[in-house]
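The values are calculated or read from the model by the stated rules, or taken from the named source; none is laboratory data. Given the structure is predicted, the values throughout are model-derived calculations rather than measurements. Here Cβ is always computed from backbone atoms with ideal geometry, including for glycine, and neighbour counts include all displayed protein chains.
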Amino acid sequence: MKDKVILSGLTQKEIENITDTLGASKFRARQIHNWIYLKSVSSIDEMTDLSVKFREQLKEAAVISDTKIHTKQTSSDGTIKYLLEFPDGEKVETVLMRFDNRANLTACVSSQIGCAVNCSFCATGKRGFIRNLTYKEIVEQVLTIQRDTGLKVTNVVFMGQGEPLLNLDNVLKAMDIFNEDFQIGQRRLTVSTSGIIPGINKLANLDMQSTLAISLHAPNHNTRLQLMRIENKYNMENLHSALKNYIEKTGRRITIEYLLIKDLNDTLESAKELVHYLADLKCNINLIPYNPTEKNDYEKPSRNSVMRFKSILEQSGKKVTVRLERGADIDAACGQLRGKVSD
Ligand code: SAH
Ligand code: SF4
């Protein structure tokens, strides 16, 4: 397997280079491309519209993937969490969420192994930063899901482990492949960030239809600092300007993610302060009731405080959703991904 080319993550053009060396036509490349991205086969032998002879040649030169499913857990709500293992032994988690409407299959992908941002409420950050994922490793997460389930992923959210805007080149290249090769519309791709301003500014200058989600989580500097050390570097005031600029340049509405933690940022005052901060930003708000991860004192907000918070924001004219908790029984919910086999 050592010197063989890995087909996952290759563009049409790159596959053509392989078929060229094998003396086959561009049409063969097109067929292989479809088998990889749209039909997601696990072996070259399953590429049944290629001759047996050509399949043998291809098997000499290439393999589909070098990534293994280390573990797979299925939640009672249908959410599936995969722990994938790359050739260097590093592991990363990917989650597949099915919503009621079965046509919608969302992959929650990781962009890094570990995370340097180290927010106080998040299990991923506790490991520190290990390394960036390559764009192929990001793409591989969705391919693994498709190969394993036999289903086609329709939406991708960068809400797994890692800070996507600190690995922007690989994330952008992966988004290109999701769009071009998987044929997933840009509007069905969402990048979530803890508020890395230079990355937001870069995205503002790209002509993309994808959604930017901001993990805000607090209504003011001091509360945010308590939760997210990144507030020291990129504070809410500067973030506000960057978001205004992003919205102006792209014409797109952003999503504000707000983690609700009991008595810390779920109060009436917090809601009012948040309304003020968001007043001139074109955004939808996604409230995320805190999911307990061990090693901190935060608690889940009560249902009442979530509803009160929601209605105050709604009164200000914003569209607000409360994120459904998915896969909490298998630690696949937001912030519970840590990329470890067990601990
Ligand atoms: N690093 C990026 C993307 C990954 S985190 C970011 O922070 O935006 C994806 C989402 O899960 C973020 O909104 C994050 O704040 C949230 N999250 C982290 N820990 C959580 C927890 N314990 N409970 C609920 N949501 C959490
Ligand atoms: Fe990193 Fe996001 Fe977790 Fe913060 S919430 S530590 S940015 S993955």
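Structural remarks
- Residues being within 10 Å of ligand 1 (Cβ to nearest atom) and modelled with pLDDT under 95 - total across segment 193-214: 0
- S40 satisfies every condition listed in (1) farther than 23 Å from V153 by Cβ; (2) in a loop (DSSP other than H, G, I, E, B) except (1).
- Restricting segment 175-191 to residues that are touching a residue at least 40 places away in the same chain (Cβ under 8 Å) and touching a helix residue (DSSP H, G or I) at 6+ places or on another chain (Cβ under 7 Å), the residue that is farthest from ligand 1 (Cβ to nearest atom): D181
- Pairs linking a residue in segment 276-305 that is under 15 Å from P219 (Cβ atoms) to a residue that is β-branched (V, I, T) and within 11 Å of ligand 1 (Cβ to nearest atom), with Cβ atoms under 6 Å and 6 or more positions apart or on different chains, are C283/I256; I285/I256.
- M208 being among the aliphatic types (A, V, I, L, M) and surrounded by 22 or more Cβ atoms within 10 Å (Cβ to Cβ): no
- Boolean, E163 is charged (D, E, K, R), in contact with a Gly (Cβ under 7 Å, 6 or more places away or on another chain) and surrounded by 22 or more Cβ atoms within 10 Å (Cβ to Cβ): no
- Condition met for H70 (touching a strand residue (DSSP E or B) at 6+ places or on another chain (Cβ under 8 Å) and under 29 Å from V157 (Cβ atoms)): yes
- Selection within segment 36-49 - surrounded by fewer than 19 Cβ atoms within 10 Å (Cβ to Cβ), out of contact with any Phe, Trp or Tyr (no Cβ under 8 Å at 6 or more places or on another chain) and of a type outside the set (K, R): S42, S43, D45, T48, D49
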